[in-house]
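S.K.: Have a look at this one before I ask anything.
The values are calculated or read from the model by the stated rules, or taken from the named source; none is laboratory data. Keep in mind the model is a prediction, meaning the values are calculated, not measured. With ideal geometry, Cβ positions are generated from the backbone for all residues, glycine too; neighbour counts draw on all protein chains shown.
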Amino acid sequence: MRQNAPMQSTMQDVPLSIASILRHGQQVYGDSTIISIGDTANRRASFAEVAANAARLAHGLRSLGIDSDQRVGTFMWNNQEHMEAYLAIPAMGAVLHTLNIRLFPDQVAYIANHAEDRVVIVDSSLIPVLAKVLPEMSTVQTVVVCGDGDTAPLEPAGKDVMRYADLLAGGEASYDWPEVDERSAAAMCYTSGTTGNPKGVVYSHRSMWLHSQAACTTNSLALSSFDTALVIVPQFHANAWGLPYAAFMAGCDLVMPDRFLQAEPLVRAIEAEKPTYSAAVPTIWNDILTYLRANPGHDISSIKRIVCGGSAVPRALMEAFENEFGITIVQAWGMTETSPLGSVARPPRGLSPEAEWDYRATAGRLAFGVEGRVVDDGGTVLPRDGKAVGELEVRGPWVTASYHKDDDPMKFDDGWLRTGDVGTIDPRGYITLTDRSKDVIKSGGEWISSVELEGTLMAHPAIREAVVVGVPDERWDERPLAAVVLRDGESVTAEELRTWLADRVAKWWVPERWTFIDEVPKTSVGKFDKKVLRKSYADGELDVDSFS
């Protein structure tokens, strides 16, 4: 035997695939449960039953000619059937494509055609929405309808239409899941397309497997078999932040709210199903907070942790849930392009509760698997000192390196994803974001953070929501405009808000222009849509109070 020869590896080279997640959930956590919220009664199915239906769905899709890497679209709420599609489509070797039901019709049609979807699975409650765009979906051949809704509105499109139950009826409860290349496509999700056409992000089996495992770790989203997770973030939004796959991997029970996404039915669902964990964008939790304050006596104490992201989480919102309900909100940052887990705001050990807030209010600490850096306008990498401000760039095994069929070199920098977020990274790896690059306000050559202004304003007891945008100014080139939504029954003047704000931020940050609006315009995934507000101001549609 040769001395110093390398030992032959005895490790098994098993593909990291969605099928392996499916099998694990079925065989190890078969008694875990998915609960779908309904009109009068909630539906329950075990992981074992969901896995069996996933096999039936795979047989059914195969009978429709779905093979290899063909795309199957879903036009659905969060529910059991959507979870079955999540598992079956990639596990059989096809590609899951979650269509955003809240996009404009022309964008939905563009996305379906760009992805070349062959089949679309739709919830019956969404038939009227899909019917408006189905004739323009040139690549779609078959529509599969979940539920008993009237399918007549779909017929003029000339597609084959069938029921989900009928598609599953002829299939066996087991399937010989193929051994796929772990780097092949498993799923697709398109960006929300706030400017230009949406871009397609493709997730591989490997990236989703690694992302799911990362989500289960304690320093990250910390899902476990002891949890019941109310997944409010839509399954069409960055794969519900990866929570469905992570839950199947960890044995975490799932509560799926279906179309019941308003504060009142969500509170009822919490009281009925007692979830310990939940996830949604800040606007959802702000609505729930407003409802609970206006309707005292509800019990949501089963929830211990809330993961909140999609946009900056106001510290006042986190403090309100902690002080009034004993619920910890954990802020996280990510993008469609990062699958989306990028960072999680868990404070370092050894700090006082008050000192922890300085870290909890950040975008969080980089998750293991994600590298980050900030660069200046010239591309120079800046120090990780918590002071140098630049654009955040990230890379990692679940961070995309390109878009589907779209070359966008300005978005990628030698293997790094340009996020469009501006901020700092400190020596511990905590990211503090001051703005989106397109939303940064430059006034008289100095930067103003709209994110910090918004978070500070939303701490005012009379304010429900606040959004700040930069508008043209003759003297300073640009100044902030503050748009405020008041809580029901509250009143406050712009002058009073200016005085209150001047004690909390640099005085030259205080806006001279204020407007009171009924609701902040939002994107399809619940983020503040600042371009709509800027246009309303430019078109003279806002009633603005101005101060010299």
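S.K.: I'd like the full set of residues that are among the charged types (D, E, K, R) and at pLDDT below 80, limited to the stretch 440-462.
M.R.: K442, E446
S.K.: Does the stretch 412-433 hold any residues that are surrounded by 14 or more Cβ atoms within 10 Å (Cβ to Cβ) and over 20 Å from the mean Cα position of the chain (by Cα), and which are they?
M.R.: Once the filter is applied, which keeps residues that are surrounded by 14 or more Cβ atoms within 10 Å (Cβ to Cβ) and over 20 Å from the mean Cα position of the chain (by Cα), the stretch 412-433 yields F412, D413, W416, G423, T424, I425, D426, G429, Y430.
S.K.: Which one is surrounded by the fewest Cβ atoms within 10 Å (Cβ to Cβ) among residues in the stretch 493-537 that are hydrophobic (A, V, I, L, M, F, W, C) and without any contact (Cβ under 8 Å) to a residue 40 or more places away in the chain?
M.R.: This residue is A506.
S.K.: Yes or no: S301 at pLDDT 95 or above, crowded, with 20+ Cβ neighbours inside 10 Å and of a type in the set (S, T, N, Q)?
M.R.: Criteria not met by S301.
S.K.: Give the residues of the stretch 14-68 that are among the hydroxyl-bearing types (S, T, Y), at pLDDT 95 or above, more than 19 Å from G93 (Cα to Cα) and part of a loop (DSSP other than H, G, I, E, B), sorted by residue number.
M.R.: Result: Y29, S32.
S.K.: The conditions are (1) basic (K, R); (2) within 23 Å of N78 (Cβ to Cβ); (3) modelled with pLDDT under 95, and R315 fails exactly one of them. Which is it?
M.R.: (2)
S.K.: Does D477 meet the test of being farther than 24 Å from F321 by Cβ, modelled with pLDDT of 95 or more and surrounded by 13 or more Cβ atoms within 10 Å (Cβ to Cβ)?
M.R.: no
S.K.: A further question follows. Within the stretch 380-405, work out how many residues are of a type in the set (D, E, K, R), modelled with pLDDT of 95 or more and within 29 Å of A115 (Cα to Cα).
M.R.: 2
S.K.: If C146 meets every condition in (1) at pLDDT 95 or above; (2) surrounded by fewer than 20 Cβ atoms within 10 Å (Cβ to Cβ) apart from one, which number is that one?
M.R.: Here C146 meets the rest and fails (2).
S.K.: How many residues, within the stretch 480-492, are hydrophobic (A, V, I, L, M, F, W, C), free of Cβ contacts under 8 Å to residues at least 60 places away in the same chain and buried (at least 19 other Cβ atoms within 10 Å of the Cβ)?
M.R.: Counting residues in the stretch 480-492 that are hydrophobic (A, V, I, L, M, F, W, C), free of Cβ contacts under 8 Å to residues at least 60 places away in the same chain and buried (at least 19 other Cβ atoms within 10 Å of the Cβ) gives 3.
S.K.: Continuing with the same structure: Inside the stretch 376-395, can you point out the residues that are out of contact with any Asp or Glu (no Cβ under 6 Å at 6 or more places or on another chain), of a type outside the set (D, E, K, R) and closer than 28 Å to M208 by Cα?
M.R.: Correct list: V394 only.
S.K.: Filter the stretch 26-47 for residues that are surrounded by fewer than 24 Cβ atoms within 10 Å (Cβ to Cβ), closer than 18 Å to H82 by Cβ and not β-branched (V, I, T) and give the result.
M.R.: Those that are surrounded by fewer than 24 Cβ atoms within 10 Å (Cβ to Cβ), closer than 18 Å to H82 by Cβ and not β-branched (V, I, T): Q26, S32, S36, G38, D39, N42, R43, R44, A45, S46.
S.K.: So N100 clears everything in (1) of a type outside the set (G, A, S); (2) touching a residue at least 60 places away in the same chain (Cβ under 8 Å); (3) at positive phi except one condition, right? Which one?
M.R.: (3)
S.K.: Within the stretch 99-116, which residues are buried (at least 24 other Cβ atoms within 10 Å of the Cβ) and closer than 16 Å to V144 by Cβ?
M.R.: Hits for the stretch 99-116 are L99, A112.
S.K.: For M1, only one of the following conditions fails: (1) buried (at least 22 other Cβ atoms within 10 Å of the Cβ); (2) among the aliphatic types (A, V, I, L, M); (3) at pLDDT below 95. What is its number?
M.R.: With (1) buried (at least 22 other Cβ atoms within 10 Å of the Cβ); (2) among the aliphatic types (A, V, I, L, M); (3) at pLDDT below 95 applied to M1, the lone miss is (1).
S.K.: Restricting to strands (runs of 3 or more DSSP E) lying wholly in the stretch 362-454: which have 2 or more residues that are more than 26 Å from V471 (Cβ to Cβ) and touching a residue at least 60 places away in the same chain (Cβ under 8 Å)?
M.R.: Answer list for the stretch 362-454: 364-366, 430-436.
S.K.: Sticking with this one: Any residue in the stretch 58-72 that is among the charged types (D, E, K, R) sitting within a Cβ distance under 8 Å of a residue that is part of a helix (DSSP H, G or I) and buried (at least 18 other Cβ atoms within 10 Å of the Cβ)? List the pairs, counting only those 6 or more apart or interchain.
M.R.: R71/A115
S.K.: Would you check if A332 is crowded, with 20+ Cβ neighbours inside 10 Å, over 20 Å from D287 (Cβ atoms) and in contact (Cβ under 8 Å) with a residue 60 or more places away in the chain?
M.R.: So A332 fails the test.
S.K.: Can you name every residue in the stretch 113-133 that is within 18 Å of W77 (Cβ to Cβ) and assigned to a helix (DSSP H, G or I)?
M.R.: S124, S125, L126, I127, P128, V129, L130, A131, K132, V133
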